[in-house]
Amino acid sequence: MNEHDSQKMEAMLVKDGYVRAATAGEADLVVLNTCSIREKSYHKAVSQIGRIPKDREGRKAIVAVTGCVVSHAGESILKKFPHVDMVLGPDHIAALAELAKKAEAGQERFVRMDFSDLSDYEFPSQILTGQKQVKGYVTIMKGCDNACSFCIVPFTRGAEVSRSASEIVDEVNRLADEGVREVMLLGQNVNSYGKGLRDGMSFSKLLRRIDEETSIARLRFTSPHPKDLSPALVEEYVRSRKLCPHIHLPVQSGSSRVLKKMRRSYTRDVYLKKVESLRRAVPDVAITTDIIVGFPGEAEEDFEKTQSLVREVGYDASYSFAYSPRPGTEAAGFPDDIPPGVKQERLTRLQDLQAELSLAKNRSRIGRVEEVLAEGPSLEGLGQLTGRTPHGRIVNFDGGPESVGAILKIEITCASAYSLKGEAFGPIH
Ligand code: 5AD
Ligand code: SF4
């Protein structure tokens, strides 16, 4: 979400005549887009603010700090850092270029961090910068109405607001017309999409409209909440020709006791039943997840339940994080009683287990032919491209720039825990 916000800000500034500077030291305008999901990201953002060059050849650059950190620490950033001119919450990024001009004209330093509701919120759409892009993001909703006890998002991004389906369909089509092949629908809680809209739209209906009314080749979304994984959404996985057979379904913990304290509103069994119903419909669906270790009161026994759930689901990948208390959240009031060493040790055990599972999954693809969307040059070396299978697995293969944007048939020859290698047969479409 933040990455996409950065893209949107950059595109807006480019449209306004700005050009990208090589370094922050050369820039007339420096924008630092921040994240505060975990304590580490917050500290990183604050230390980066301190490192922004304060003047440019004797002339002061305009400094804007945007994003989630701002939503709960806006005024204090302005106080602490005299070189910051403006602080903009996530709902004010559309006004960045205009506000930068005001700051340049010598207006007072200011903070804007309130949230817009449906009546006055306009979802800024992606403006392409003229470079060929294979993948695009489309925001379908913003904010979150849940109250997971560890999570700062409802405070930093506000309440849920859904964007109109027609606007979303138009944007997907616009991106497809510009050459984008794959779209990722974005929202904090995508599958509760439609709440508050008066036309009875739901997330599954939106997916159907995109499937029927757009020419995009591939469709993905992130992130859904397990409680909203409805039978209608499972059915879309079966019906849709565009929706990729992958779901990122954050579980957070495998212990029902911990899930309750997290206020996730599902138990381990309910989560497993949802996974089972999706697997029954789409047997080889790839499932990835987010996990928090060391939540207050997490006993060794709870952690073992998380490990056993990871094995039982057989995740393709998981992203795991050590719990950190976030200001204003319910869990910030619980004693953060798991020592850092124990959190780290659980994290390592979980990540080792996941690497083992991912490697086995990836090895099972060797010898198969996969449809890979070529995304661009690979970090593996010159003459190599990288892309993804419909299941979201990364594949590196020999290829030149002419193949970027094509969906290729690739025979998988080699596998590691994190990626595959293969040989291209030629484009299929
Ligand atoms: N501590 C650790 N991890 C967190 N996440 C969210 N809040 C916290 C926190 N306070 C993780 C969750 C979420 C992911 C984006 O970040 O796993 O799904
Ligand atoms: Fe945070 Fe996701 Fe829970 Fe919303 S559903 S409060 S974004 S973890």
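Points worth noting:
- Residues within the stretch 47-74 that are among the hydrophobic types (A, V, I, L, M, F, W, C), modelled with pLDDT of 90 or more and in a helix (DSSP H, G or I), tallied: 1
- Exactly one residue out of Ser318, Ser364, Ser378, Ser324 is hydroxyl-bearing (Ser, Thr, Tyr) and at pLDDT below 95: that is Ser378.
- Ile291 passes every criterion in (1) more than 20 Å from Phe221 (Cα to Cα); (2) within 16 Å of ligand 1 (Cβ to nearest atom); (3) among the β-branched types (Val, Ile, Thr) apart from (1).
- The number of residues in the stretch 298-321 that are of a type in the set (A, V, I, L, M, F, W, C) and either at positive phi or within 16 Å of ligand 2 (Cβ to nearest atom) (or both) comes to 1.
- Look at (1) open to solvent by 60 Å² or more (accessible area, probe 1.4 Å); (2) not in a loop (DSSP other than H, G, I, E, B) and you find that Ala11 fails only one, number (1).
- Residues of the stretch 147-169 that are open to solvent by less than 30 Å² (accessible area, probe 1.4 Å), within 16 Å of ligand 1 (Cβ to nearest atom) and out of contact with any strand residue (DSSP E or B) (no Cβ under 7 Å at 6 or more places or on another chain): Cys148, Ser149, Cys151, Ile152, Val153, Thr156.
- Some residue of the stretch 373-381 being without any contact (Cβ under 8 Å) to a residue 60 or more places away in the chain, in contact with an Asp or Glu (Cβ under 8 Å, 6 or more places away or on another chain) and of a type outside the set (Gly, Ala, Ser): no
The values are calculated or read from the model by the stated rules, or taken from the named source; none is laboratory data. Quantities reported herein were computed from a predicted structural model and do not represent experimental measurements. Quick reminder, even Gly has a Cβ in these numbers, built from the backbone with ideal geometry, and neighbours come from all protein chains shown. Remember, those area values only see protein heavy atoms, side chains included, never the ligands or the DNA or RNA. Shrake-Rupley method; radii C 1.70, N 1.55, O 1.52, S 1.80 Å.
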